[in-house]
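Right, one structure below, let's go through it.
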Amino acid sequence: MITKENIWEHNFAHEELHKRQLDHLATSLTDQGIVVEDLLKKLDDFQIAIPSWALGTGGTRFGRFPEGGEPRSLDEKIEDVGLLHQLSGSCNAISLHIPWDIPDDAQAIKSLANSFGLKFDAVNSNTFQDQPNASFSYKFGSLCHVDKAVREEAIAHNKSVIDHGVSLGSKALTVWLADGSNFPGQHNFREALKRTQESLEEIYAYLPGDWHMLIEYKPYEPNFYSMVIPDWGTSHLLASQLGEKALSLVDLGHHLPNTNIEQIVAILMMREKLGGFHFNDSKYGDDDLTTGSLKPYQLFLIFNELIDGTEHTGNPPLSWMIDASHNLKDPLEDLLQAVEAIKIAYAQALIVNRLNLEEAQRKNDVARAQQILQDAFRTDVRPLVAASRLRQGGVFDPVTVYRQLEIRKNLIQKRGTKTISTGL
Ligand code: PSV
Ligand code: MN
Ligand code: MN
């Protein structure tokens with residue numbers, strides 16, 4: 001849908017402007033002793049996975065207002081991620097939810113993805129909904145269920161998700177459990193966690209040698225009195241007991257308001273147990289709004305810890321994914337905005353003067369420490385992010401190109417207005 005000529009024309013038209021902006025920033029960074037080429041290489045390498053369920057219009061339990069042109073199949077979801085990657089140069093992977101996206105012919109799906117330069121990131125299991133033809137219901141839980149037969153069904157499902165992942169070249173299984181209770185007395189907390197641990201052990205034993213299991217936590221929803229894995233401590237406890245292939249996954253929306261997420265990141269990395277991220281933004285809870293739309297400073301502080309942790313701990317490489325819902329905006333525009341926000345926060349954190357920060361911390365110079373962080377945060381690094389995008393074959397201004405080429409209109413013509421996407 002986007003030709004090389006489209007990209008060339010747009011980039012050519014903005015060449016002068018881009019050069020002027022970049023020169024200005026590069027001069028200022030060089031004056032600070034920063035090697036701009038090193039920064040660009042790090043930005044080039046930073047790739048964010050897109051979940052297969054985020055490409056359609058989202059919704060709430062009150063309603064959904066689809067834009068049209070939504071992908072009707074896994075093939076079309078891959079095409080959409082290919083489009084995002086073509087524009088941004090930063091989305092080289094797709095993350096599947098099974099059974100929403102069962103790859104019937106793994107080889108064909110893999111080669112379609114390859115043709116867009118895409119790989120398969122972590123595969124996600126789903127035991128939070130009953131599946132058609134299932135023998136048992138997850139109404140009262142899955143891996144924690146009191147009935148062994150239900151637990152076995154959920155374990156078998158997770159194993160089959162691993163099998164699908166293996167056939168696609170994925171290297172991680174993400175487990176998010178909706179398991180929990182809605183009323184006091186419903187669960188024996190200790191026993192529910194113990195059963196979950198035992199179920200996870202069986203899934204862990206099935207993991208291929210070079211795989212990771214990423215354990216997500218969430219304080220509430222869909223259960224509102226207790227969740228079996230409510231917080232990073234419980235996730236870390238499970239991951240530690242399981243073994244070195246099990247790691248915790250931080251979804252930015254899965255915290256109670258005002259939680260210090262950057263501190264959680266630092267501690268998990270210190271323990272070498274942080275496995276990945278689900279990016280989104282929120283005001284209240286798991287709002288799943290566009291990353292960086294509400295709390296860009298928090299996002300920057302998180303990246304600041306991620307970089308510090310990468311330099312000072314042996315934490316394994318992380319899996320990055322956007323996990324947001326697009327209720328009002330065109331999902332593809334929203335995802336492009338999220339990718340940009342993530343790369344901006346990363347670039348800002350990369351330019352933090354760490355030697356000066358360490359010195360300020362050693363001397364208890366609180367005001368200077370704050371100043372150092374805010375100097376980086378208040379730097380407009382967008383020209384640097386654009387430069388990296390252009391090096392990756394992307395465009396100067398992704399959303400503008402998306403609009404000028406009327407991509408949504410084309411998608412609606414091709415796919416219709418009434419498509420119903422899988423997912424939430
Ligand atoms: C749950 O709220 C979650 O964040 C998990 O990552 C799920 O897999 C995803 O949303 C999609 O339902
Ligand atoms: Mn998530
Ligand atoms: Mn969530």
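For the options LYS245, LYS409, LYS159, a Gaussian network treatment of the chain with springs between C-alpha atoms closer than 10 Å singles out LYS409 as fluctuating the most. Between amide H atoms placed 1.01 Å from N, distances below 5 Å from GLY276 occur with VAL250, SER319, all of them 5 or more places distant or on a separate chain. Over all pairs of different C-alpha atoms, region 295-423 has a mean inverse distance whose reciprocal, the Kirkwood radius, equals 17.4 Å.
Residues in region 214-227 carry Karplus couplings, in order, of 9, 9, 8, 10, 6, x, 7, 6, x, 8, 10, 9, 8, 10 Hz; the curve used is 6.51 cos²θ - 1.76 cosθ + 1.60 with θ = phi - 60°, and Gly or Pro positions show x.
Over all pairs of different C-alpha atoms, region 20-89 has a mean inverse distance whose reciprocal, the Kirkwood radius, equals 15.6 Å. The ellipsoid equivalent to the alpha-carbon distribution of region 87-225 has semi-axes of 30, 15, 14 angstrom, derived from the gyration tensor eigenvalues as √(5λ) and listed largest first.
Structure remark: mean-square fluctuation, Gaussian network model of the chain, C-alpha springs under 10 Å; the largest value among PHE300, PHE279, PHE12 belongs to PHE12. Sorting the segments 89-96, 24-31 by their residues' average number of neighbouring beta-carbon atoms within 10 angstrom, most packed first, yields 89-96, 24-31.
Taking amide hydrogens as placed 1.01 Å from N in the peptide plane, the amide H of GLY180 sits under 5 Å from those of VAL228, each at least 5 positions away in sequence or on another chain. Across TRP176, TRP320, TRP232, mean-square fluctuation computed from a Gaussian network of the chain (C-alpha pairs under 10 Å connected) peaks at TRP176.
Pairs of C-alpha atoms in region 10-415 farther apart than 29 Å represent 46 percent of all such pairs.
With one equal scatterer per alpha carbon and no solvent term, the Debye-computed log10 I(q)/I(0) for region 1-152 at 0.14, 0.17, 0.18, 0.20 1/Å reads -0.92, -1.12, -1.17, -1.27.
Between ASN188 and ALA108, what length in nm is gained on full extension when 0.36 nm per residue of separation is reduced by their alpha carbon distance? In short, 24.2 nm is gained.
Karplus-based coupling profile of region 103-118, in residue order and whole Hz: x, 4, 10, 4, 5, 5, 5, 5, 6, 4, 4, 4, 5, 9, x, 10, with θ = phi - 60° in 6.51 cos²θ - 1.76 cosθ + 1.60 and x standing for Gly or Pro. Backbone geometry of region 255-272 corresponds, through the Karplus equation with coefficients 6.51, -1.76 and 1.60 at θ = phi - 60°, to 3J(HN,Hα) couplings of 9, 6, x, 6, 4, 7, 5, 4, 6, 4, 4, 4, 5, 4, 5, 4, 7, 6 Hz, x marking Gly and Pro. The ranking of LEU306, LEU193 from fewest to most other beta carbons within 10 Å of each one's beta carbon is LEU193, LEU306.
Dipole orientation for region 200-285: of the candidates GLN263, TYR204, LEU237, GLN263 has the Cα lying most toward the positive pole (charges on Cβ; Lys, Arg +1; Asp, Glu -1). Estimated from helical segments only, the mean residue ellipticity of the chain at 222 nm is -15500 deg cm²/dmol, where each DSSP H run of four or more residues counts as -39500 (n - 2.57).
Taken along the Cα-to-beta-carbon direction at a fixed 7 Å, the label points for LEU17 and THR259 span 4.0 nm. Dipole check for region 10-415: with +1 at the C-beta of Lys and Arg, -1 at the C-beta of Asp and Glu, and the Cα centre as origin, the magnitude is about 280 Debye.
Readers should treat all values here as calculations from the given coordinates under stated rules, not as data from a laboratory. Since this is a predicted model, take the numbers as computed values, not measurements. Neighbour counts run over all protein chains shown; Cβ positions are idealised from the backbone, glycine included.
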